[in-house]
1. In segment 174-255, carbon and sulfur make up what percent of the accessible area (probe 1.4 Å)?
2. Straight-line reach from Lys108: which aspartates and glutamates fall under 13 Å, measuring Cα to Cα and dropping same-chain residues less than 8 apart?
3. Would you grab the residues whose amide H sits under 5 Å from the one on His401? Only those 5+ places off in sequence or on another chain, please, with H modelled 1.01 Å from N.
4. Can you give me the accessible area per residue for segment 254-385, using a 1.4 Å probe, in Å²?
5. For segment 208-217, just list the computed ³J(HN,Hα) in residue order, Karplus coefficients 6.51, -1.76 and 1.60, θ = phi - 60°, integers in Hz, with x standing in for Gly and Pro.
6. What are the ³J(HN,Hα) values, in whole Hz, obtained from phi via the Karplus relation 6.51 cos²θ - 1.76 cosθ + 1.60 with θ = phi - 60°, for each residue of segment 219-235 in sequence order, with x given for Gly and Pro?
7. Can you send over the carbon and sulfur percentage of the accessible area for segment 334-448, probe radius 1.4 Å, protein chains only?
8. Can you tally the net charge around Cys295? Count Lys and Arg as +1, Asp and Glu as -1, for every other residue whose Cβ sits under 11 Å from the Cβ of Cys295.
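The values are calculated or read from the model by the stated rules, or taken from the named source; none is laboratory data. If you're wondering where the values come from, they're calculated on a predicted model, not measured in any experiment. Reconstructed Cβ throughout: ideal geometry from the backbone, glycine too, with neighbour counts over all protein chains shown. Remember, those area values only see protein heavy atoms, side chains included, never the ligands or the DNA or RNA. Shrake-Rupley method; radii C 1.70, N 1.55, O 1.52, S 1.80 Å.
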Amino acid sequence: MVIEYFCNRLFVIVKLIIRFVFETIGINSKSFEHEFTSTSSSTAHHADTEGNQYRHGLVIFLVTLVFIIAFGYASFFWRKLTAFCLTNKIKKPSATNRPSHEFSPEEKERIVVVGAGVLGSCIATVLARDDRKVTLIERDLKEPDRIIGELLQPGGCQVLRNLGLDECLVSCEEAQSTTGYIIHDWKTGASVHIPYPKASDNQCKEGKAFRHGKFIMSLREAARKEPNIEIIEGTVQALIEDNGVVTGVTYRPKKCDDSQEIRAPLVIIADGGFSKFRKHLHSEQVHVSSHFVGCIMKNCPQVKANHAELVLSNPNPILIYRISDEETRVLVDIRCQTLPKNIKEYLLEETLPYLPEHLAAPFEDGVLNERVRSMPCKFLPPSTARKDGVLMLGDAFNMRHPLTGGGMSVAFNDIYIWRELFKEISDLTNYQQVEEAYSRFQNRRKMTHSFVVNILAQALYELFSANDEHLSRLRDACFEYFKLGGRCVDGPVGLLSVLSPKPFTLIGHFFAVALYSMWLIIKDSGLRVHVGVYRATGTFIKACQVIFPLIWSEIRTIA
């Protein structure tokens, strides 16, 4: 009786969970169950009652198996989280240390920002407009030249407008509007249209693509116009520490051999992905998963105007988007620690054959005649370790794979949160108040953009650069899932665009793809059902192995 009761309860719980997942993301669970328990039209035509009962039993078995596996993984990570909270806790400064240095009235009001990149220039301008005195120090104020940081999602554009910096997009020379994606599957030759969510006027919301350096110069120009900002071109050499508290920086101005000091109760480190201060302030290690190799394609045609394109090749995903009226950026992901010696030859032999016809000629011309460059694709989970008197933000603090183009949107959302938090801090030498604000910052970003963008970027990359059979099946199922249209596109693109960064929506869609993959595997196995069950189980376990460590990397830093 006990076993029978447990089995009945388990089945009810599993059914409710599956229905909750699909109805949460807007898929009709009854129609899905009907499809899930159906076979191909020819088989269904000859199916008898026994066959239907057998298939229903198989569905119940698979769903129960899914629940048990997911429950096992969830329990494992819950135990890890509990142990972490009980034994390690959050690494916070004691908030009892006080520096011996007495800040002058002028110093007490100052904030030093190290790095005038995307986040540094933006947060300096925002704080200056809120009557903060800011000193912005940048090693080189010339226009930078990079191959990533060129695609801003609609959610990032929206937050930039909320910060009052939308003029930086308007003044960015030849910036291109993007209203969605076209995804190409090299296996089938099929394509699927992924439009951005629509605004109130029934037009797709827009992202922006541009040359990275042009956008940086627009942000720096906005900062230069603020009377509360002092911009210094120089190299920050070290943080000044006093009794365990950061009280300023030493720097060497450009074209000067003598080092100088500048004191402030708060230093914001925003010196990017190659931060020289990370090892002293961050407890996590940077993981390089692959490299983006890119070049410019001239006068490249578009399948659909104002749309980026993503090619799911074997095994490297290829991202294409227009950055000016005549120039299109192509980024080829190569999963390796060391790039091939002859990179142009590699691109022509290993990438060109997988491109759609309209991209082949411009790509070949770009590889042969344009500069080919590379950038490491890094993953850095956020850390809770910090010191009083200093904040680390931007890529120095948290990075994810650039495939989804969400990095700048995360940065602008972080700035938006800190802008509100700084309004509640009247005295920057009140380190306890700053620490409480930091804890609220960590929690707020986890509930929205950080959790979604970080996990989405890493999970999609694992699927789209599939290096084993289970990931390949998940990638194929993801493409087929998008082809279903409706909520199967609207939900994921709301996450991708950072317009609706809802963690539970992300988890729901991820497991919906995993379940859909299991269904496709079983359906294609024909009479060899046992083989299909074996493969489907392995695929679902692989999906859990992808998503749960990423979830853990986020929730363990909730303060």
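1. That share works out to 44 percent.
2. Asp427
3. Excluding prolines and chain starts, which carry no amide H, the hits are Gln458.
4. Numbers: 5970 Å² over 132 residues.
I get 45 Å² per residue for this part.
5. 9, 10, 7, 6, 3, x, 5, 5, 4, 5
6. Values, residue by residue: 5, 5, 5, 4, 5, 5, 7, 8, x, 7, 10, 9, 9, 10, 8, x, 9 Hz.
7. Details: 2170 of 4490 Å².
Carbon-and-sulfur percentage of accessible area, whole number: 48.
8. Working: positive: Lys298, Arg329, Lys344, Arg371, Arg373; negative: Glu327, Glu364, Asp365, Glu370.
Charge balance in the 11 Å sphere: +1.
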